[in-house]
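All remarks here apply to the structure that follows.
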Amino acid sequence: MSRLLLSGVAASALLLAGGTGARAQSAAPAAAAAGPDDISLDTITVAATLTEERAIDTLAAVSVVRADDLQQLSPDRVQDVFFGMPGTTVIQNGNSPQASINIRGLQDFGRVAVFVDGARQNFTQLGHGSGAGSFFLEPGLLSDVDVVRGPVSNIYGSGAIGGVVAFRTKDAADIIKPGQAWGVEGTGEFGSNGPMGYGSLFGAARVGQNVDLFFGGTYRAQADYDDGNGDLVPGSGYDTWTGIAKATFRPADFHEVKITGINYNADYTTYNAALVNGEVPASSTQYGSTVLNQTVTASYNYSNPDDMWFDWRSSVYWNRVKQDQVKVAGTPSSITGSIGDPRTFTIDTVGFDANNTSRFLLGSVKNAVTIGGDYFHDTVDNIDQYGFGEGYNPNGERGVGGAFVQWKANYSTWLEAIGAVRYDTYNLEGDGVSTDGQRFSPKITLGVTPWQWVTVYGTYAEGYRAPAITETLVSGAHPPNIPLVFCPDGSYGVFCFVPNPNLRPEVGKNAEVGVNLRFDDILVKGDKFRAKANLYQNNVDDFIELVGYNMTMYGTYADYQYQNIAKARLEGFEFESNYDAGAWFAGFNATVSNGEDVDNGEPLANVMPNTVAATLGVRTLENKLTLSVRWQWVAAKTLEDLPSDSPYGATPSFNLVNAYLGYQPSENVLASLSIENLLNEQYTQYQQFLPSAGITVKGGLKIRFGADVIAAATPAPIFK
């Protein structure tokens, strides 16, 4: 840790001396910013504590992505949304829209809790070292994203020992301007590499003062792209369709009911093998895949600024992910079946969460007490009658829930304290196995603001993750029907998966220190500089990994089982900053991280490479024209950085440069041009086996229009 501390302090000093930083987060849109007075870097978030506060003021590692960030990022895939974000990586292979999020070296099986409009995403389709916790989402539906790194976010629910990612999709307020009765927004985009095309159409209507309606959909088509060497990457094409509808009702002042429905459909061909001479090996299995992701949520919120005792938020949700696959190529085998054989992976998740915040003064101390609870239930129903897909992904049910209380106190303007405790419980059943567990997890944070421009904070927080169905129940011979070893269930194969009903939950124990910096009027009147830096160490007790044991005479393991290793230690340094002067903006981010198995000293396979990212942009022509350039350097992942049994290979370092040009002649029209991988870098991201796309040029046009509300004292007569 001492080496990491020294490198972190040195990096922090260097960055602060430079004075500018990376993601121009929440910088004002091109046409909206009339000048420095309109700059808005201080976006509001509830991600860290479930109470509203500026992101820069949160005593936690919080990053936000807002609508104007999304516009400049021009995301085609979920991983594009997180370009340059410290401590956060999305694993998304080129031949699948399936995405998994890694935060601070933790991923899979719910270690990072992912929510879409409050609905938890728990899909798992495990193969050879991949798919152990993923989701499907169209970035064209997004309005904003909040990310909290570390188990400080345990108020969001069980499992989030790595962090929380909360996606919010578009709503009526994103389409209808104040004073309008209805609005329509359409977007068209075309890209060179593939090629690719995207279109969306959203509409919203305000019925009276108390009802908002929103609906729309997207279509995206991507043909196989070329990598940086100009070679076609087979299977990298896909088609996605989405539909979304929302209805918001305000039955009384300060009360709001919202009902949301989202339908996502994707078609693609996927495989799990590296290319050989630019081709998929003939023996490799390829699956024609269709994914249907359906989400329904209903929420009720009450928030009255004059009511100090009740500030209520609640929601219920249902999410189903169904992936239908048919083998379309590859050698027949007992693992994957024959060409034409189908298999299906389905998970249904139902859940709820509710919390209330009460505020009161106690002497000169402002207090906010939040009490809440949440629960979700997973039902896994997988079918593979011809291969081992159901063996990798056993059927079962799991219920996970908990309750928490959080106290947040502010004394004057210089001292803030947060204390919380969460109770978690779970039960898991399947294949004759039943297991359960429970635990209390504490959190304490103290922040000091000696001057208005700086806040220093320290946090200790614990998180609790219940074992997943796959980790507990996976069983059977693999590959089956090859008589090398015999398994407890009577099957035989090269080795055996052995279930583990005694698997203990993981417990993350995170210590973190951080600093928040705020400076105004530095170079010109109205400019703003914001920065967040932190050092963390997360000790995960009973860390769960797949372990081989019982060596055979052939020098291979006879059995594989998910087991608890004594302790995993993850530590790192993160820096995120942005500067905005209206006419120009800049940013700088950095991530330094490592992790090890404390028992044997070997590195952990899921720790991502170190990164540095920067942004530089200008606004001109009365802020109608915005030009920005984003750069990200990703360090190499060498064999020394990997455990001896790592399922992933080493990867070299690479640089990515993306450019964006947006012209907004009026508030209702935006023309954009973006260039991704400007240097045409040939690279393969860590934990992925396909090279990423080479240089890609995209052009887009967004048009919005609507009708103003016509106010009248009395209705006009129909007939005169």
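The values are calculated or read from the model by the stated rules, or taken from the named source; none is laboratory data. These numbers come from a predicted model, not from an experiment. Please note: Cβ atoms are built from the backbone with ideal geometry, for glycine as well, and neighbour counts cover all protein chains shown.
Quick notes on this structure:
- Residue check for PRO97: buried (at least 24 other Cβ atoms within 10 Å of the Cβ) and at pLDDT 95 or above: no
- Test set (1) out of contact with any helix residue (DSSP H, G or I) (no Cβ under 7 Å at 6 or more places or on another chain); (2) under 19 Å from THR435 (Cβ atoms); (3) assigned to a strand (DSSP E or B); (4) not acidic (Asp, Glu) - PHE529 fails condition number: (2)
- Cβ pairs under 6 Å, 6+ apart, first in region 83-96 and under 14 Å from GLN687 (Cα atoms), second of a type in the set (Lys, Arg) and crowded, with 24+ Cβ neighbours inside 10 Å: none
- For region 360-397, the tally of residues that are over 16 Å from SER475 (Cβ atoms) and either touching a helix residue (DSSP H, G or I) at 6+ places or on another chain (Cβ under 6 Å) or of a type outside the set (Lys, Arg) (or both) stands at 24.
- Any chance LEU5 is touching a strand residue (DSSP E or B) at 6+ places or on another chain (Cβ under 7 Å) and at pLDDT below 95: yes
- Test for PRO488: is it outside any strand (DSSP E or B), surrounded by fewer than 17 Cβ atoms within 10 Å (Cβ to Cβ) and not small (Gly, Ala, Ser): yes
- SER143 vs. criteria in contact with a strand residue (DSSP E or B) (Cβ under 8 Å, 6 or more places away or on another chain) and modelled with pLDDT under 95: no
- Hits in region 280-293 (condition: surrounded by fewer than 17 Cβ atoms within 10 Å (Cβ to Cβ) and not small (Gly, Ala, Ser)): PRO281, THR290, LEU292
- For region 561-612, filtering for residues that are in a loop (DSSP other than H, G, I, E, B) and within 24 Å of GLN632 (Cα to Cα) leaves 10.
- Selection status of ASP597, over 19 Å from GLY162 (Cβ atoms) and out of contact with any helix residue (DSSP H, G or I) (no Cβ under 7 Å at 6 or more places or on another chain): no
- Residue among LEU484, LEU473, LEU446 that is over 24 Å from the mean Cα position of the chain (by Cα), at pLDDT 95 or above and of a type in the set (A, V, I, L, M, F, W, C): LEU446
- The single condition among (1) surrounded by fewer than 22 Cβ atoms within 10 Å (Cβ to Cβ); (2) within 30 Å of ALA274 (Cα to Cα) that VAL629 does not meet is (2).
- Flag if TYR219 is touching a residue at least 24 places away in the same chain (Cβ under 8 Å) and of a type in the set (Phe, Trp, Tyr): no
- Test: residue in region 553-560 that is assigned to a strand (DSSP E or B), among the acidic types (Asp, Glu), within 25 Å of the chain's Cα centre (by Cα) and within 30 Å of PHE497 (Cα to Cα): no
- Within region 325-343, residues that are within 20 Å of PRO480 (Cα to Cα) reach partners that are hydrophobic (A, V, I, L, M, F, W, C) with beta carbons closer than 6 Å, at six or more positions or on different chains, in the pairs LYS327/ILE339; ILE335/PHE388; PRO342/VAL326.
- Any hit, region 233-256, residues being surrounded by fewer than 18 Cβ atoms within 10 Å (Cβ to Cβ), in contact with a Gly (Cβ under 6 Å, 6 or more places away or on another chain) and of a type in the set (Gly, Ala, Ser): yes
- Test: residue in region 510-519 that is under 25 Å from ASN538 (Cα atoms) and either outside any strand (DSSP E or B) or free of Cβ contacts under 8 Å to residues at least 60 places away in the same chain (or both): yes
- On the stretch given as region 68-103, residues that are more than 17 Å from TRP633 (Cα to Cα) and either in contact with a strand residue (DSSP E or B) (Cβ under 6 Å, 6 or more places away or on another chain) or outside any loop (DSSP other than H, G, I, E, B) (or both) total 17.
- Filtered residues of region 422-432 (kept if part of a strand (DSSP E or B) and surrounded by fewer than 17 Cβ atoms within 10 Å (Cβ to Cβ)): TYR423, ASN427, GLU429
- Residue in region 187-199 that is crowded, with 16+ Cβ neighbours inside 10 Å, farther than 29 Å from GLN286 by Cβ and in contact (Cβ under 8 Å) with a residue 12 or more places away in the chain present: yes
- Checking each residue in region 400-416 for being crowded, with 18+ Cβ neighbours inside 10 Å and out of contact with any Asp or Glu (no Cβ under 6 Å at 6 or more places or on another chain) picks out VAL400, GLY401, PHE404, GLN406, LYS408, GLU416.
- Conditions (1) surrounded by fewer than 19 Cβ atoms within 10 Å (Cβ to Cβ); (2) modelled with pLDDT under 95: number failed by LEU701: (2)
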